[in-house]
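Notes to accompany the following structure.
The values are calculated or read from the model by the stated rules, or taken from the named source; none is laboratory data. Note that the coordinates shown come from a computational prediction; the quantities given were computed from them, not determined experimentally. Heads up, the Cβs are rebuilt from the backbone with ideal geometry, glycines too, and the neighbour counts pull from every protein chain shown. Areas reflect the complete protein model, heavy atoms only, side chains present, ligands, DNA and RNA absent. Shrake-Rupley method; radii C 1.70, N 1.55, O 1.52, S 1.80 Å.
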Amino acid sequence: MTKLQEWMSGLGIIFAIWMYLITSRSHNEFVQNHYDLILYSPITCVFIFGLYALSVVLYRVYTFNDCEQAAVELAEEIQEAKENLAKLGFKFKETAK
Amino acid sequence: MSASGTNSKNKYSILLPTYNEVENLPIIIYLIVKYMSKSGYDHEIIVIDDGSPDGTLEAAKQLQNIYGKDKIVLRPREKKLGLGTAYIHGIQHATGNFIVIMDADLSHHPKAIADFIKKQQEKDYDVVSGTRYIGGGGVYGWDFKRKLVSRGANFLTQLLLRPGASDLTGSFRLYKKDVLETLIKSCVSKGYVFQMEMIIRARQLNYTIGEVPITFVDRLYGESKLGGTEIIQFVRALLYLFATT
């Protein structure tokens, strides 16, 4: 089963349950008492998921490691590499700075 | 520390596809040799230059004279062809049983290769992927917008594809040679989304994937790319893989 099919199946099942609930109003007391809540639940769920997604992404952006140290070390190693390669007889294309 | 016992039979072929990397190539090769010699793993570096006009190949030839033909292998091609074919072209003459792929622009640091190898040996993983998103991994030189796009794209991918790996668009990885060959043959996409498809196909074919945190230092020389075209390519690849795998 592809991921698309998995999603369609999952959403299909949820949709079927929701349809059943909103159409069983007449003979189900629970549905009668919470009809609006159930009717608008898909919109509520999408909204809550959107908030969840947004907060997760922003949290991860905020906590994304900035590797300052790695950049400093790399700059030093580039210098080291240039010096040692020159000693080994490597001729850089640019004139040595 | 040196490799010993069963490890000594393993050889690691490091593939460096290049295009206009005349400044970076000597540095990256110097660093690979430095760190691989330090950790004692048998290795070779295969440079696949796609006809760079800036003299990358000439620089590679000089490096071959310095480090030897057994350490630096040159596999140039006439012109720029896809990344997948570059790997195939490189592998054809690889003598190692493991292949490391990395960018030659210094955004990937060769010191991580030893970590990849140790991780691979822990559970005999088929693939070890570098990740910027977990543990001590991270990036340097990215602004808020770049991080937001990266994290947003990653969140969406994890949600839709559940790939079993945290970094899909990274290209610093270690593969068993036969696994890499199989994966490349099963991939259809071109460009940088090719890396994403490789991991998804690996999951599809039930290969095991290990992960190692890496630091990604965005290009010190040259320009980094993230534009509208890349984003469209990414979305198309995501939807394609969502519908077909």
- Run the accessible area of the protein assembly as shown with a 1.4 Å probe and give the carbon-and-sulfur part as a rounded percent. 59 percent
- Interchain or sequence-distant (5+) residues whose placed amide H lies within less than 5 Å of the amide H of B:Gly51 are B:Arg77
- Item | ³J(HN,Hα), Karplus 6.51/-1.76/1.60, whole Hz, each residue of the range B:46-52, x for Gly, Pro | 10, 9, 10, 9, 8, x, 4
- Query: Non-local amide H neighbours of B:Thr208 (under 5 Å, H modeled in plane, Pro and chain starts lacking H): which ones?
  - Reply: B:Asp126, B:Val127
- Distance in nm between B:Leu74 and B:Asn10 label points, each 7 Å along Cα→Cβ, equals 3.1 nm
- Message: For B:Lys147, give me every one of the lysines with a C-alpha distance below 19 angstrom, ignoring sequence neighbours fewer than eight places off in its own chain.
- Response: B:Lys225
- Listed by chain and number, the residues whose amide H is under 5 Å from that of B:Ile14, excluding neighbours fewer than 5 places away on the same chain and using placed H, are B:Glu44, B:Ile45, B:Ile46, B:Val100
- Provide the per-residue ³J(HN,Hα) series for the range B:12-28, in order, calculated from phi with Karplus coefficients 6.51, -1.76, 1.60 and θ = phi - 60°, each as a whole number of Hz, with x at glycine and proline positions. 10, 9, 9, 8, 10, x, 10, 8, 6, 10, 4, 7, 7, 4, x, 5, 5
- Which of B:Lys119/B:Lys190; B:Lys9/B:Lys176; B:Lys34/B:Lys118; B:Lys123/B:Lys177 exceed 22 Å between C-alpha atoms? The answer is B:Lys119/B:Lys190
- Query: What relative contact order, as a whole-number percentage, does chain B give when Cα pairs under 8 Å and 6 or more residues apart are counted?
  - Reply: 22 percent
- Query: Which ³J(HN,Hα) values in Hz, rounded to whole numbers, follow from the phi angles of the range B:168-178 under the Karplus curve 6.51 cos²θ - 1.76 cosθ + 1.60, where θ = phi - 60° and Gly and Pro get x?
  - Reply: 9, 9, x, 10, 10, 8, 10, 10, 5, 4, 5
